[in-house]
Structures are given as structure tokens and as C-alpha cells.
Amino acid sequence: MANNSYSGVKNSIMEANHDGDFVCTLKELRSLMELRGAEALNKIGESYGDVHGLCGRLKTSPADGLSGQPADIEKRKTVFGQNLIPPKKPKTFLQLVWEALQDVTLIILEVAAIISLGLSFYRPQDAKREDCGKAAGGAEDEHEAEAGWIEGAAILLSVICVVLVTAFNDWSKEKQFRGLQSRIEQEQKFTVVRGGQVIQIPVAEIVVGDVAQIKYGDLLPADGLLIQGNDLKIDESSLTGESDHVKKTQEKDLMLLSGTHVMEGSGKMVVTAVGVNSQTGIIFTLLGAAEDEDDDDEDEKKKEKEEKKKQRKNKKQDGSVENRKKAKAQDGAAMEMQPLNSDEGADAEEKKKTNLPKKEKSVLQGKLTKLAVQIGKAGLVMSAITVIILVVLFVVDTFWIQNLPWVKACTPIYIQFVVKFFIIGVTVLVVAVPEGLPLAVTISLAYSVKKMMKDNNLVRHLDACETMGNATAICSDKTGTLTMNRMTVVQAFVAEKHYKKVPEPENIPASILDFLILGIAVNCAYTTKIMPPEKEGGLPRQVGNKTECALLGFSNDLKRDYQTIRNEIPEEKLHKVYTFNSARKSMSTVLKMADGSYRMFSKGASEILLKKCYKILTASGEPKVFRPRDRDDVVKKVIEPMASEGLRTICLAYRDFAVKDGEPDWDNENDILTGLTCICVVGIEDPVRPEVPDAIRKCQRAGITVRMVTGDNINTARAIASKCGILQPGDDFLCLEGKEFNRRIRNEKGEIEQERIDKIWPKLRVLARSSPTDKHTLVKGIIDSTVVEQRQVVAVTGDGTNDGPALKKADVGFAMGIAGTDVAKEASDIILTDDNFSSIVKAVMWGRNVYDSISKFLQFQLTVNVVAVIVAFTGACITQDSPLKAVQMLWVNLIMDTFASLALATEPPTEALLLRKPYGRNKPLISRTMMKNILGQGVYQLVIIFTLLFAGETMFDIDNGRNAPLRAPPSEHYTIVFNTFVLMQLFNEINARKIHGERNVFDGIFNNLIFCSIVFGTFVIQIIIVQFGGKPFSCVALSIDQWLWCTFLGFGSLLWGQVISSIPTSRLKFLKTAGHGTQKEEIPDEELEELDDMDEIDHAERELRRGQILWFRGLNRIQTQMDVVSAFQSGTSFQGALRRQASNSSQQQHDIRVVNAFRSSISLYEGLEKPESRTSIHNFMTHPEFRIEDSEPHIPLIDDTDAEDDAPTKRNSASSRNASPAPPSPASAAPPSAGPAFSPASPNQNNNAVESSNHLLPEATKVGETAMPGSPLHSLETSL
């Protein structure tokens, strides 16, 4: 039928329009999608009649979709565009080179080298060298003088080497990120109907005219119009900044916009705009343009934005489309558009890396930055002292001891000396500053991320990989993570009989069977299906929600076909659908019967639905009264036995609404969902994955506590937990239900208290029947807890949209790649591509490995640093010349920085990593064992080098190289010193492979080919440098004998390493550790804003005084102005600026909405690591705004969600519209006097804001509670 009318439309179009083009133009569709609500409906009515009319013009069928012929698809792509936003150009290699040149130490070296070059070509004619003092004396013949330029040139050359290596590293890193990003994109599929078949296609393949199926948890990949929807609610905060979910119906609002999240329900839409023409695409294009055009343009744009903001302040938002458009242009500018943006994440990510090195959230990054700064400062001091001592010695020697006058002609020579001293000072600095650190971290992380892909971990934020190594707790979902997520019905209670296996169809009365099959067929989402197996003899494929698949499989087991019923009653004919959500814990579908009456089928958690049943079908097929005591019998005799075997119990029920009662009020859910008649209760089994018990054992051995947080009932949960090994017999543990958990953690006023959580969580192993809010509370409670001496680092796994808040709050969020919704993936840090718990254990292994790799590298690097600095310093002071020349220092720097970081950062992980307890957040990077190794090796190397330096000429019977004049040729003596130094580093690199005091440093060395090849390669290059380096490297070729001695002295460091590891660390009390995490006292105030992602601040917050807050505010004002400028220059991160902006906008709450919109979408490029976006204390709910409603309004939920019933009225009230929650950053929590702090708030509060304010404003909180008892601190955030 549909097809005939479709082809009719098609033919008429063809006749009207001979060239066969589409009747809609791109421009028409674009302008249509900019309208909202009633206006859009009117426009569609005027232009097309209805959505079906528009489908006709787009030559698509609402029922069967596009034909799917390649020619048609291609044509659509050319006319309406493709569904991807062209990626921004990556930085060219030259740009990266230019960036690498910005390094301060390199700039100093370049300047020194250029001065040195210039002076080497300057020949003072008349002055006799001798007049200028001994040091300048004439060892230099003509030939040597000619070669004076070599040193400068060599320094420049080595600078070029360092720059190229750095740039190449950055370039390959960017390339890897782009690869990663495109991999994330390819994984993103969307369900469309083509040629009547439901298929999944990559998001980029969607074209205008496609009919797409949308369901709970999707992130919409394109703009479209709703064709049919059930109970559809969309979170549009990313585009409009409105945190309330928008209900979509054909009568009121049918515009679906790309980049918004489906929070409830399901439906179908026809795609009307893709790629750059979609709402998000338009915003992206604006942003892209803003970046490409030059600064004047940026200023204009800035002015425009300011103007818009002003207009926005003056005009109250009346919902008119003009305002909405403005809101969109502005708020949307920060839309996170994962599926479309192709490679931009990588790029922004690079920018972030360059702009915010210190603001990384990661624990490791914090420790490293701090350590690098400390070492750098020490190096700077040392180099300054070196230069001063050299200059002073030279002046004293020349003018006082030799008593020479200052001759004008000698000035250039004196300048040359000063330049030489300066170069020596700079080399000391270069060697002291560990530029290799960031490199080592990057290499190590990038390498790990690449390898983790093979272990089914897709890392979205680099630092998550390393944080995972510190994890002390994992809160895991049950379904799909610990279990196989292949649900099957194995027991049933039907017609008053409990069957231990699936009953034969003939044992069930026919009337009950009909009810049962009809109920299952229509009351499961139509997107859920059982497909034939892919290969012969395999299991049937389950598509869609697995619990529903089990029920559909049950109907197949009963020899009935659900598909025939679905064909009779297509989705369009369903009268009303209440989709499953975390508050209802049930799903119901209403059918309109032929006689005008209604019948509703419900399914849901058995203990919840049975409470609403007052009849039950008996063996005769007749309903009989079902009293509370009958219900208790069923619970005891059926549900508990099923649950104790680890089965999930689902109750199926129905209810008839008679014709005489008229049509019920479908919106009044409480009245609709009562008086049900129970059809049957089924027990669904989800077998534990075979590899899980072993993985959990490994976790427990590694000091990680695994907790199970599930929506299932407590008996099922306990049974599965025992099978997995989470619960060991004889352990002292807690298994709680969500309600009990809430009762225990709240005080009389219903507020959560950290002390109460602290009593529970250490023993808690299973949390059953938990709501998403409970999961979030638990995670937050564990993270904020201070009962145990080391702070907990929590990993969370989740797959549902409702897990978003917990995933965001956790230190590391794992989303399921197969079962996970887009929203969960968006909120996560790592995606498990095989949904398997054992992959998490691999992630832990890799995380610990990253940490160890960095420590190995540090141990190696610091030994070199200490030795080289001391040698250069003392050598310079005693002999007026550094034994290691600038070029040699740079070579050492290159080995120790770049090559060593490559070699040590790519060590593969071993199972042994899982045998130790996790490092805490405050564990220093350099343990006492490592300090022992560093000092021990340092002593050995210094003894050898000073022996060679001051007694080498006698030992090897060669000329003394000390006190050589300015341009003396290189000496054998100093070459031996240099060579021995480098060889000691090479052998020490092998020592550095072990940091926990192990004996066997060669253990597993051949598993790491990179390591072997780098050590070997360095050795070969060293031979070339010494034998053929000549003047540029200040080297002379050495004899075989001398080489063997150098190698032997180098090899000695391995033997010495054994001696060191024999000394017990515990004896050496004087050893200090280094590289602790940043302590809260040390954080400069201005940084607090950005650093509110560093988890340490959680505690610091509490200490902040109100005075400080006001003081910050002054600082903020200045910084905001700077930030705005830089934000527009970089074009990517408005967030920092806006976060500060938030603290200035107490004048108008309207601003808050703008700010909130920007912040709620955290960043354009949410896809990849971005410091601010992660686990900021306040940000848990920012993106997307999760609303968690509860069916019982009396207990204030963690979100302080108002009772849903009065939400609609609030939604229309101005106060609610203006008071969009903008969680305060520590700097912006206002003192109680600031503005109308306690006006009624929007229905969606952010619990973190409330909690942190409790620390900040004790008095304010009290006032708030007395003022409005029902809503503790109801809208502190609106007073920002």
C-alpha cells in the first residue's frame, strides 16, 4: 500500500519536473531546520502539507526509506552534501618545526652559536695575541684559525637535529591521534531503513532523505523531522543550553537536531540536513571560518559576540525564534559533535597540549611537570654559577695575576672568551633540563595506546591510560561486562505453575499463550530482533536490547512467531508507548482494540510490577484476585529461588480499559500503571563470561577492589558476584540494595554525609537495584573519601545513558563498545571494544607499565643529569673549560632524551606488574630505591670521570688536555673522557630497565626490539663520532686499546649496579624521595580555576576561605580579558574564558545560560583528551545534562530533582528559565549576600554544586535550609 502511493507520488513528481531533480533545494531545507516548534510546523504545513509530503518531495518513503541504489545515494551526496565536516588541515611538518624551535634553551643555544660564528670570522689584525694574556696564547696556527667556525656550526647542527626529532615526534603523535579519531568514527554506526530493510551504516554514509530509527541513548548524527515517535525526549542542552529535556511529538515539535541526545523513547525520522548544512555543521563552519581568517576578523567576530551578548541581556528570552537563533549561534559554538567531526579532535587536542602543559588532570603529568620545573631551576642556578665563576676566574687571572692592562685591540678576544663561557653555561643548562620528560611521556602513552587497541581498549583520553595504573577500585556493571549479555529465558512461572525449564507450548492454556505472545511481540522495542545465525550451527544473533531478545527467544521457544504479530500491528498503530527508563523500571505499550477499548501490556522488574498486580491468570486461563499474601508466596516460592540461582526475574502483565470509562488520561502514569493482571514471571539467565573469574582474581591480587553495581535484584546480584569471585566465602562484606544504601548514607534531613559513606564503602561489594544516581553517589563518595591513607582512584564501567554521570565522575570511565550507547561512550575515557572485563585488567597492566616506563626513564635521565652537570661545573671551575664540549653535551642530551625515552618507554608490560599494590596519588615518582640507584651510579661515574680528567694523561700516557687555549685542537685526553662518559650512560641504560631493585637487569630484554636496536645504534654512532667526528665534535680518533678501556669502564656500571642492589634501601635513612603529586597548599591561586580538574583540589576546596574567593575574583577579571583574547585566537577553547566569565555575571542570570551552554558542551572536540573536560569536581553532569527523575518525589534525590509532577509548571515559569544551573568553580561560589541566592531553581540541580558549597559557605547553607526546607540550597548556582 505504502509502496503504491509512494510510486504515485514519484511519478507525479517526475512529470512535474522532467530532469528528475529533487523538489526541495538545499537552501529551503536549511532555512526550514532553523525554525523551531510551532513556526516549523506552520512552515511545513504551508510548504509541504506534512512530513509525508516532504518525504515525497525528497523521493523517499516514510515506511521503506530510500531504495539504497548507489546512483541515488551518490546523487543525494552531490546535491545535499555528505555527512561529514571536512577536517581542519593538520599542522604541517614545518609548523611543528617552528613550534619546536620555540624552546627557550634551544633559543639560547642558537643565539650563542650565532655569536660564536660571527666572532670566529672576526680577525683582529694588529694586536699581538700575547698581549691579551696566556689563555689566548698562540697555539693556534693559520689552519686552526680557519676552523674556528666549526664549533658554532656544530651547535647549530645539533640544535637542528633536536628540533627535527621533536617535530617528527609531534607529527607522528598527531598522525596517531588522527588514526585513532577516524577509528572512533568508523565504529560509529546508525540504524536506517533502506529498501524496507533495517540496516546499520556508518554515520558518514547517511544522506538527506534517509529514514533513520532513533532510540534511547543515541546521539543524533544529522538534522531531521520526526515521522513517528514513542515518548521521545531529547536533551538539546548542547545546542540551546536548556537543560530540560524536550518532548518531541508530531503535533507540537518535530525538529530533531544533530548533536542532541535521545534521553528517552524511540522513533523514526527523515533526514533533512547533513554535514556542514546541519545545525551543528553550520556552527562548526562558523568556527572554522573564525580560525582561518585573520585577526581583524576575529576582533569583528568578538565585537559581534559582545553585541549579541548585550542584546541577549536586554531582551528577556520569550522563546521567539530570533532569540533562539542567537542562542544557537552562540551556545552551539561549543557543541561537541563527535560523529561528524572527523579529525578535528586530534587537532584541538594538539592545541591543548601546547597551550596547557601544566593543566593536565593526570596524576603523572602533575608530578612530572613539578619535577621538571624543580630540575630546571636547579640547572639554571648551576649554569649561572658556572658562567659567573668562569668569568671571574678569567678576569682575575688575566688582569690581576698576569697583571695585564686592558688593550682595546684585545676586546674582541675577551668577548670571544665570554661567549665561550656563555656557551659552556648554556650546555650545563641544556643537560640539566630534562626536555626528554614530556617526550618520554608522550612516546610511552602513544605507544601504549596503540598497543592497547590490540587489547580491545580504545583510549579516548591519553591520560586515562596512565591513571588506570593507579586504580584502587573498579565499580563494574554486571550485564554484559561480567556476564555474556546473551540472555535466555530458562525458567517460567505461568498458569500458577513454576517450570524449571522452558515449558512445552501444549502445557500452557491457549488463552494465556495468546496473551503472552501478543504482549511480548508489541511490548518489546521494534528495533529488537532475533536474527538467524551468521554461520551454520551458531547461536541466533540477538539485535537490540538483550532482555527483550530473551523474551522474543522465549516466544520462539514456544513455537510462535512474534514477527507475524508485528506485521499485523506495525509500530505506527501502537496507541501509546511508555519506554523503559531508570525511574519506571518497566515498559508498557497501549493498543486500541477494535471495539474502542484499550489494552495495555507491561513488563518490568518482578518485585516492582507484582506490587501493581491485583489479579493473576490461573491454569484455566481466567484471572483471579491476587492478594498481598499471595504475592508474598510468589516472591518466596518463585522469585527468590530464581534470583538465588542468578536469574533476572521479569514479570509480564496486562490491563484492560473499558469503553464506558472513556479514554484515560495517558499522562497520569501513576493511575495508568496499577490494577494489572499478571500473565507470568520469567527467569532470564545471563551466563558469566568464562574469563571473568580469573580476571577478577588478578585484580584482587593487584590490590584492586572490584565492586558490582547493578540494577538487578539483590539475590541475582549476590549469586553472580559469588560466581565471579567478587564475594569470597568467609569474607566480611556488604551487599546492599539501592534503597538501603540511600537510607544509610543520609542524615535526618535527607542529605548525604561523607562520614556515613565512609562507614559503608570499604566493605561494600555489591550494590543491587541501584539507580544511576546511587552509582554516581558511590563513585563520588569513594573518590572524596579520606578514611584510608591513600586516596582512592576509581574506575567505572557503564553502558547505558544513565551511567553517564558516574562515568564522568570516575577517574577512568570505561564504556562498552558493543552494548554502550553513544552518550556513555561520549562520557567515557576508554571504550572496551569487546565489552569484556578482562580487557580492563589489560588496561591496568598498561597503565602501570606507563608509570614504570616513566620511572625507568627518570632513573636513567637523572643519573646523566647529575653527573653531566657536576662534571661540567667542577671541570669549568678548575680548568676554565668544560671537559664536555657544547656539541658533545648536545649529543649526550640527544641519547639520553630522545633515544632513551624511546627505548625505555616502549618496554612491553609483564604479568609481574599485577603482583604489586597500586601506587597512590601521592606516591613519589622517584622512590627511595630509585634514588639509591641514581646516587650510586652517579658516584661511580663521577669517580671514573674525575680520575680520567685529572690523572688520565698519566694512565694512558697521553698529552694533558687541561688548560688548552681558546681554539686549541681537540685532545685525546678529553676524547677519552667523553667516550667513557657516553659508554657509561649506555650500560646504565640497561641498569635503568629495573626500578624495584631486581637483580637480573637483562630479564626480557629481547622482547623489546626497539630497546636493543637503540642501544646498538647509539653505540655505532658513538664510534663514528669519536673516530670521524674531528673538530666539530672536539674528538680525536682513539686506538683499540683506549676503546677497550673505555668500554670496560662503561661495563663497570653494570657490575656496580649489582653492588648497589645488594645494599638494603631500608638501611639508607638519609635517602629522600622526589616527584610527589602537587600538594594543595602549593597551587598558585590563579591556577585554581583550571586546576579544578586536578583531583587534589577536591580537598583544597574545603580550605578555601571566603576572603580568598573574593580576592580570586579580582584576579579573574584581569585574566578573563586575557583569556577571551587568547580563546578567540586559538578558536578552540572558550571554556576557560567562560568559566571565569561566569564569576562576573551576577548582574544577569541570562549570562549564566550562555556560559552554561558553552560549558555544558565542554568542548567542540570532546572526543579526545582534553584537560578541563575530565572529572572536574563540578562537571559531573555538564555534558550532556543528565536528568534523573525518581518516581518518589519525597526523598530528595542526589540531584535534588524536584518532583516530576510540578516540573512542567516550573518549566514555563520565567524564574526556572533563567536559572539554568551553572555549577560554581571554587572561585565563583558567591558569598551569601550576592544577589537572589535562593530563588526557585530549575528542576535540574547539580549535586556537586550543592556539596561543594556546603564546604564553602556553611552559613549560606543554613540560611538556605531555613528559607526553603524542601530544597536545600536550591539555587546557589544561580547567584554566580
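The values are calculated or read from the model by the stated rules, or taken from the named source; none is laboratory data. Nothing here was measured: the structure is a model prediction, and the numbers come from that model. When we count neighbours, we look across all protein chains shown, and the Cβ atoms used for this are built from the backbone with ideal geometry, even at glycine. These area figures cover heavy atoms from the full protein model, side chains too; ligands, DNA and RNA do not enter into them. Shrake-Rupley method; radii C 1.70, N 1.55, O 1.52, S 1.80 Å.
Data overview
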read-out	value
Residue-normalised accessible area of segment 913-1053, expressed per residue, 1.4 Å probe, Å²	42 Å²
Portion, in percent, of the accessible area of segment 157-225 that falls on carbon or sulfur, probe 1.4 Å	61 percent
Those chymotrypsin sites (Phe, Trp or Tyr not before Pro) in segment 883-930 that DSSP places in a loop and that have at most 10 other beta carbons within 10 Å	none
For segment 194-265, the fraction of alpha-carbon pairs in successive 5 Å shells from zero, as %	3, 16, 28, 26, 17, 8, 2, 0
Highest-first arrangement of 766-775, 746-755, where packing means the average Cβ count within 10 Å	766-775, 746-755
Gyration tensor verdict on segment 39-104 (Cα atoms; rounded if a/c is under 1.5, prolate if a/b is larger than b/c, oblate otherwise)	prolate
Greater than 29 Å apart at Cα, pairs in Lys43/Lys75; Lys450/Lys585; Lys546/Lys723; Lys478/Lys739; Lys89/Lys780; Lys923/Lys994	Lys450/Lys585; Lys89/Lys780
Globularity index of segment 647-725, i.e. its alpha-carbon radius of gyration over 2.2 N^0.38 Å	1.79
Over 32 Å (Cα to Cα) - which of Lys370/Lys932; Lys559/Lys825; Lys637/Lys759 fall in this group	Lys559/Lys825; Lys637/Lys759
Sequence ranges 152-161, 63-72, ranked by mean other-Cβ count within 10 angstrom, highest first	152-161, 63-72
Accessible carbon and sulfur surface of segment 717-807 relative to its total accessible area, %, 1.4 Å	47 percent
Accessible-area value, His575, 1.4 Å probe, nucleic acids and ligands omitted, Å²	70 Å²
DSSP-defined beta bridges in segment 738-858 - what % are antiparallel, rounded to 5	10 percent
Loop-resident sites, segment 999-1036, for chymotrypsin sites (Phe, Trp or Tyr not before Pro), counting at most 11 other Cβ within 10 Å (DSSP)	Phe1002
